Amino acid sequence: MSQPIGLGLPDAPPPTLAPRRKTRQLMVGSVGVGSDYPVSVQSMTTTKTHDINATLQQIAQLTATGCDIVRVACPKTVDADALPAIAAKSPIPVIADIHFQPKYIFKAIDAGCAAVRVNPGNIREFDGRVKEVAKAAGDAGIPIRIGVNAGSLDKRLLEKYGKATPEALVESAMWEASLFEEHGYGDIAISVKHNDPVVMVEAYRQLAAKTDYPLHLGVTEAGPAFQGTIKSAVAFGWLLGSGIGDTIRVSLSADPVEEIKVGDQILQSLNLRPRKLEIVSCPSCGRAQVDVYTLANEVTAGLEGMKFPLRVAVMGCVVNGPGEARDADLGVASGNGKGQIFVKGEVIKTVPESQIVETLIDEAMRIAEEEGWEEEDGVSPSVKVTR
């Protein structure tokens, strides 16, 4: 009987670039938000909220992808009327996103939403309603997120600063927070979003230096999937790497499931979330003697769905290939139309290029079985051969 293959999981938490900034702690339903809790990933549904079945179906898809908290839009009365059913049936906490109409804030609270996001820049007479909102949220025991956006900044601040500068965004957030604090309510999270990552980072840096509120990070209107991913990764990497940020949303002009995938990968890359499947593959060059691109893509597709931490190296030449494959849990170093298969640093076999993908998948399945991850997760790894 073969011995279980150790995956080299660390005994201590993996290192991060900086300690988390200390904040007050909030509970958004069952999810803790603040420095005592892991950084959470959020998204927002794209369905019409009043279409309850479609909205719940999308929430289920987001949950399956790893979403921790979901936000739903509430622009109309029919949307507000749908909130009780959505909040009751959603598997993850629901935040109601409120603009323009303060009456929907109270409907969301009464509906049992886990939190409410308010945009003080475009809610009519919001400052005069803070006392009522603070009491209703306080009585319900739910937090409020003050969400300041560059595109909907209070006109008074636009006149003062000329545009949505970091200082303008921070002043707006701090002013609204102070109004809540005047009424004894402090269960507040803040976001100060901008479409320019540099402006956004500076706004959050200034905000983090002024307060201990938990911060929700976001590059707003970040763009299509590729551009938005780059913008968000740059901004989040800087802030989270500096210890700033308690919950995130990657805003993409794409299926919201993609937002969760990107956000999850950003947190894994920063050691702020346990790593799952990781593919290490070379960029290829003139030294490559196999089709590295095809191998890497097919191995990635073939191992899609694996939830346990497995580092797989797919390498194309003899320069870095053996070293990378040897350091991974599972790997291949390729050359001359063949591949040496490594498991925990040892060559176990050499196979033709046409069998590399299938062999790696078979070995991954074997490791999963020997490590007991199938039983622990309660589901079998989703693997497929695509050749």
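The values are calculated or read from the model by the stated rules, or taken from the named source; none is laboratory data. Keep in mind that what you see is a predicted model, and the values were worked out from it rather than measured. Positions of Cβ are generated from backbone atoms using ideal geometry, with glycine treated the same way; all protein chains shown enter the neighbour counts. Ligands, DNA and RNA are excluded from the accessible area calculation, which covers all protein heavy atoms including side chains. Shrake-Rupley method; radii C 1.70, N 1.55, O 1.52, S 1.80 Å.
Annotations
- Search result, residues across segment 318-339 that are farther than 16 Å from GLU358 by Cβ, open to solvent by less than 30 Å² (accessible area, probe 1.4 Å) and not in a loop (DSSP other than H, G, I, E, B): GLY321, ALA325, ALA333, GLY335
- In segment 250-293, the residue that is surrounded by the fewest Cβ atoms within 10 Å (Cβ to Cβ) out of those that are basic (Lys, Arg) and closer than 30 Å to GLU353 by Cβ is ARG287.
- All of VAL192, VAL290, VAL219 fail the test of being among the hydrophobic types (A, V, I, L, M, F, W, C) and farther than 22 Å from GLY34 by Cβ, apart from VAL290.
- Screening GLY237, GLY241, GLY218 for residues that are crowded, with 23+ Cβ neighbours inside 10 Å and at pLDDT 95 or above leaves exactly one candidate, GLY218.
- Consider segment 192-215 and keep the residues that are in contact (Cβ under 8 Å) with a residue 60 or more places away in the chain and surrounded by 18 or more Cβ atoms within 10 Å (Cβ to Cβ). The one that is farthest from ARG129 (Cα to Cα) is ALA208.
- Residue, surrounded by the most Cβ atoms within 10 Å (Cβ to Cβ), within segment 340-355, restricted to residues that are closer than 21 Å to PHE308 by Cα and among the hydrophobic types (A, V, I, L, M, F, W, C): PHE342
- Residue under evaluation GLY128, criteria (1) surrounded by fewer than 18 Cβ atoms within 10 Å (Cβ to Cβ); (2) under 17 Å from ILE188 (Cα atoms), criterion not met: (2)
- Selection of segment 131-150 for residues being in contact with a Ser or Thr (Cβ under 8 Å, 6 or more places away or on another chain) and surrounded by fewer than 19 Cβ atoms within 10 Å (Cβ to Cβ) yields an empty set.
- Candidates CYS74, CYS67: the one that is open to solvent by less than 20 Å² (accessible area, probe 1.4 Å), modelled with pLDDT of 90 or more, farther than 26 Å from SER152 by Cα and not polar (S, T, N, Q) is CYS67.
- Positions within segment 168-182 being open to solvent by 10 Å² or more (accessible area, probe 1.4 Å) and of a type outside the set (Ser, Thr, Tyr), in sequence order: GLU171, MET174, TRP175, LEU179, GLU181, GLU182
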